[in-house]
Amino acid sequence: MTAQVLVLYFAKSAELTGRKEEELPDVPTPISSGDLWRLLLRRHPRLSALQHHVVLAVRQQYVAVGDQVVTLADGDEVAVVPPLSGG
């Protein structure tokens, strides 16, 4: 199965991709968060600057990049959340 998802890019990830959002058709589901991240890296190799420092949010729930499996549905939002600075 596949799903069409909306990817939202925030802060440094938006800067690296040159966009704030994009629709991705045909994303395999279920998919591990690590495989989802690799899919995004293939589309936007510059995101590799955030490797090991990024978190994904699927339907507004944080998901660490790794082995966690997520099931996506058409219209789901996936956010790329880089480290936030501040205090």
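The values are calculated or read from the model by the stated rules, or taken from the named source; none is laboratory data. Every value quoted in this text rests on a predicted model; they were computed, and no experiment measured them. Neighbour counts run over all protein chains shown; Cβ positions are idealised from the backbone, glycine included. Side chains are part of the model used for accessible areas, which takes the heavy atoms of the whole protein and leaves out ligands, DNA and RNA. Shrake-Rupley method; radii C 1.70, N 1.55, O 1.52, S 1.80 Å.
Couple of notes before you dig in:
- Scan of the stretch 10-34 for residues that are at negative phi, open to solvent by 30 Å² or more (accessible area, probe 1.4 Å) and in a loop (DSSP other than H, G, I, E, B), ordered by number: Phe10, Arg19, Lys20, Pro30
- In the stretch 66-84, the residues that are hydroxyl-bearing (Ser, Thr, Tyr) form Cβ pairs under 7 Å with partners that are open to solvent by less than 60 Å² (accessible area, probe 1.4 Å), at six or more places apart or across chains, as follows: Thr71/Thr29.
- Flag if Leu41 is within 13 Å of the chain's Cα centre (by Cα) and either part of a strand (DSSP E or B) or in contact (Cβ under 8 Å) with a residue 12 or more places away in the chain (or both): no
- Some residue of the stretch 35-48 being at positive phi and out of contact with any strand residue (DSSP E or B) (no Cβ under 6 Å at 6 or more places or on another chain): no
- Arg43 being charged (D, E, K, R), open to solvent by 30 Å² or more (accessible area, probe 1.4 Å) and in contact with a helix residue (DSSP H, G or I) (Cβ under 9 Å, 6 or more places away or on another chain): yes
- Criterion: open to solvent by less than 50 Å² (accessible area, probe 1.4 Å) and in contact (Cβ under 8 Å) with a residue 40 or more places away in the chain - qualifying residue of Val58, Val7, Val63: Val7
- For the stretch 66-87, taking the residues that are open to solvent by less than 50 Å² (accessible area, probe 1.4 Å), assigned to a strand (DSSP E or B) and within 15 Å of Phe10 (Cα to Cα), the one that is modelled with the lowest pLDDT is identified as Val81.
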